[in-house]
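Trainee: Below is the structure I would like to discuss, written out as structure tokens.
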């Protein structure tokens, strides 16, 4: 709305302001903000010209997929594929310019100066138009240099709104000047600001937890502190200054790089990483391994294969003509394995499989995917690369997208950057560093969150907690009679369960295990009486350690087993379909209810005929092979099949056994026909 209002007020003569800097934290929907702002302005202004401008091809592809998926029918849209295509857009309608929304890389503005200063200067009505709105992504990277100057020269009267997912460095006055109003009486650094604390509070992201593993490598503290003291090249506009800086620091950077590429060091990390992933994330979430270089990527893939099955990991990186022998050898093996020579296509296939299939579970990267890669199933990032400021914030934000069973995203730090967290973000304003420190927690902070949640839960039950008798559990359920108490208990327990799964290997948890067991038993007892079956899938997939505790609860298992559950039948499925649960919860609940019914009615030929299909669907769902839309379609087909066969059986007045013989004969005839 602020973008919309600024454009409308400017065109109405109420303000001269025609730009703005928007800082929305990673994962909070920057792309959607751009698209919906553009859509609102497009409808209001009667077909203006809108440019979405990005600086990387992967971001361009993601943006293109998002806008097409939204299917905003009245927003005419096209992607500019080349410099010549942009020229055609600018010269369209006698140089007034084409009116619609366009997505382009900023590199397409590399038009020859003869065209800009000659032809466009003379005929370019588009330069005079004010109803042109530009949305630029990651502007701390794109507002410098010739391309940005050419763009602003061509679109002289346009509106420019710059977006960033991280704070702008306080030393970076150029970005503030380009998109803000810093020299005026009413200073405006940001048109809108939405940082990590707000995004987390609103549920757009989950917290980020870091775990220091610096004892696993031999990078010295003085090397880390020296690196953190260096000025970021991306914060310097002057090319001569960059060149001088590079010469001064390159020697020491190379010394650090040698350590990060050392096979012995990588071996240590891989041993620990493989154990950590298998114990904490395997079967639940996927991971990124961020390494120091492309050579390190290749070595990680080879060495990690000693400790994890080869299908667990894949490398995602670029290849070039001047690659060293080790990288070339890996590339040859890669193209042979995939049966194609186009490495760009291979990388695309790997990413697609990572998103949609069980394998690979870990992507090994150095520069690719550490910014702009959105995948909610990413639960852990293993960091073995020197990063700071924008790049560090953008990289760790890969694990902050919400997903079932995910209380937090975990960063496992093998270089020790988070030991010096204030220095790692020292280019930001003090207030911003305070927020970062508060929201990016260590495992110690996570343990405090666990204790805080545990105490809140215990306070609900007072003196009754810890007594493993049926009367105590009945009293607990009496306390949960009110809707407010019930909701509080369920939400707090689920949060506690997430923290427990993250921290269960921490030796400090032993002291609190009895309380956690008791609360888990209360939840199981409560669920047996009141809750639908949908929780089972989450237990098996995301809460394996809690499931182990449930299996160990011999003190209460007998009376919980004897407790009459909600009757799971077709009426239950109908109730589930009519409930206010999300579509995903309904669909998963129904398929698990079908599994239960099939087991209960294993002699019924109708259910016997679909039992294997139901098991197969659940297996594929748990392994992330199918998405919820596919699962929903298959579940609907199964329910329709059951309904039609039940009607058919009643109509024929056959017994279940007789109808079973009829089904077998029908299937046999169908097979014979197919064979013929």
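Trainee: Can you tell me which residue in the stretch 598-607 is modelled with the lowest pLDDT, limited to those that are loosely packed, with under 15 Cβ neighbours inside 10 Å and in a helix (DSSP H, G or I)?
Mentor: 600
Trainee: If I filter the stretch 2-24 for residues that are modelled with pLDDT under 90, part of a helix (DSSP H, G or I) and under 30 Å from residue 316 (Cα atoms), do I get at least one hit?
Mentor: no
Trainee: Another question, if that's okay. Of the conditions (1) in a loop (DSSP other than H, G, I, E, B); (2) modelled with pLDDT of 70 or more; (3) assigned by TED's automatic domain parsing to the domain that holds residue 412; (4) out of contact with any strand residue (DSSP E or B) (no Cβ under 8 Å at 6 or more places or on another chain), residue 203 clears all except one; give me its number.
Mentor: (3)
Trainee: Regarding the stretch 25-37, can at least one residue be identified that is in a loop (DSSP other than H, G, I, E, B) and under 14 Å from residue 159 (Cα atoms)?
Mentor: No: zero hits.
Trainee: Report, by residue number, each residue of the stretch 555-573 that is at pLDDT 75 or above and exposed (fewer than 12 other Cβ atoms within 10 Å of the Cβ).
Mentor: If the condition is that a residue be at pLDDT 75 or above and exposed (fewer than 12 other Cβ atoms within 10 Å of the Cβ), then 571 is the only one that fits.
Trainee: Within the stretch 580-594, take every residue that is loosely packed, with under 13 Cβ neighbours inside 10 Å and not in a helix (DSSP H, G or I) and give me the one that is modelled with the lowest pLDDT.
Mentor: 580
Trainee: For the stretch 118-132, which residues satisfy the criterion of being modelled with pLDDT under 85, outside any loop (DSSP other than H, G, I, E, B) and closer than 21 Å to residue 82 by Cβ?
Mentor: 118, 119, 120, 126, listed by residue number.
Trainee: Specify the residue that is farthest from the chain's Cα centre (by Cα); the eligible residues are those in the stretch 38-61 that are within 19 Å of residue 374 (Cα to Cα) and in a loop (DSSP other than H, G, I, E, B).
Mentor: The qualifying residue farthest from the chain's Cα centre (by Cα) is 55.
Trainee: With (1) surrounded by 17 or more Cβ atoms within 10 Å (Cβ to Cβ); (2) in contact (Cβ under 8 Å) with a residue 60 or more places away in the chain as the list, and residue 58 as the residue in question, which single condition is left unmet?
Mentor: (1)
Matching residues to (1) at pLDDT 85 or above; (2) exposed (fewer than 13 other Cβ atoms within 10 Å of the Cβ); (3) assigned to a helix (DSSP H, G or I):
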residue	(1), (2), (3)
596	no, no, yes
621	no, no, yes
634	yes, no, yes
638	yes, no, yes
647	no, yes, yes
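Trainee: Still on this model: Within the stretch 485-513, can you find the residues that are without any contact (Cβ under 8 Å) to a residue 40 or more places away in the chain and assigned to a loop (DSSP other than H, G, I, E, B)?
Mentor: Of everything in the stretch 485-513, nothing turns out to be without any contact (Cβ under 8 Å) to a residue 40 or more places away in the chain and assigned to a loop (DSSP other than H, G, I, E, B).
The rows are residues; the columns are (1) within 21 Å of residue 370 (Cβ to Cβ); (2) in contact (Cβ under 8 Å) with a residue 24 or more places away in the chain; (3) under 22 Å from the mean Cα position of the chain (by Cα).
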| residue | (1), (2), (3) |
| --- | --- |
| 279 | no, yes, yes |
| 285 | yes, yes, yes |
| 292 | yes, yes, no |
| 301 | yes, yes, no |
| 304 | yes, yes, no |
| 307 | no, yes, no |
| 332 | no, no, no |
| 336 | no, no, no |
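Trainee: Any residue in the stretch 253-272 that is over 18 Å from residue 221 (Cα atoms) and outside the structural domain of residue 295 (by TED's automatic domain parsing) sitting within a Cβ distance under 7 Å of a residue that is at pLDDT 90 or above and in a helix (DSSP H, G or I)? List the pairs, counting only those 6 or more apart or interchain.
Mentor: none
Trainee: Check 495, 442, 504, 482 and return the single one that is under 27 Å from the mean Cα position of the chain (by Cα), modelled with pLDDT under 80 and within 18 Å of residue 523 (Cβ to Cβ).
Mentor: Every option except 504 fails the conditions.
Trainee: Anything in the stretch 66-83 that is surrounded by 11 or more Cβ atoms within 10 Å (Cβ to Cβ) and free of Cβ contacts under 8 Å to residues at least 12 places away in the same chain? List them, or say none.
Mentor: Of everything in the stretch 66-83, those that are surrounded by 11 or more Cβ atoms within 10 Å (Cβ to Cβ) and free of Cβ contacts under 8 Å to residues at least 12 places away in the same chain turn out to be 68, 81.
Trainee: Related question: Please note which helices (runs of 4 or more DSSP H) are completely contained in the stretch 271-385 and include at least 3 residues that are out of contact with any helix residue (DSSP H, G or I) (no Cβ under 7 Å at 6 or more places or on another chain) and either at pLDDT below 90 or more than 22 Å from residue 412 (Cβ to Cβ) (or both).
Mentor: 325-338, 343-356
Trainee: Of the conditions (1) touching a helix residue (DSSP H, G or I) at 6+ places or on another chain (Cβ under 8 Å); (2) under 30 Å from residue 205 (Cα atoms); (3) in a loop (DSSP other than H, G, I, E, B), residue 73 fails just one. Which one is it?
Mentor: Only one criterion is unmet by residue 73, namely (1).
Trainee: I've got another one for you. Please find, among 346, 370, 396, 351, the residue that is within 14 Å of the chain's Cα centre (by Cα), more than 28 Å from residue 258 (Cβ to Cβ), surrounded by 14 or more Cβ atoms within 10 Å (Cβ to Cβ) and in the same structural domain as residue 285 (by TED's automatic domain parsing).
Mentor: Testing whether each residue is within 14 Å of the chain's Cα centre (by Cα), more than 28 Å from residue 258 (Cβ to Cβ), surrounded by 14 or more Cβ atoms within 10 Å (Cβ to Cβ) and in the same structural domain as residue 285 (by TED's automatic domain parsing) leaves just 351.
Trainee: Shifting gears a bit: In the stretch 133-163, which residue that is within 24 Å of the chain's Cα centre (by Cα) and part of a loop (DSSP other than H, G, I, E, B) is modelled with the highest pLDDT?
Mentor: If we take residues in the stretch 133-163 being within 24 Å of the chain's Cα centre (by Cα) and part of a loop (DSSP other than H, G, I, E, B), then 137 is modelled with the highest pLDDT.
Trainee: Separate question: Do we find that residue 213 is at pLDDT 70 or above and assigned by TED's automatic domain parsing to the domain that holds residue 269 in this structure?
Mentor: Yes.
The values are calculated or read from the model by the stated rules, or taken from the named source; none is laboratory data. All of these numbers come straight from a predicted model, not from anything done at the bench. Neighbour counts run over all protein chains shown; Cβ positions are idealised from the backbone, glycine included.
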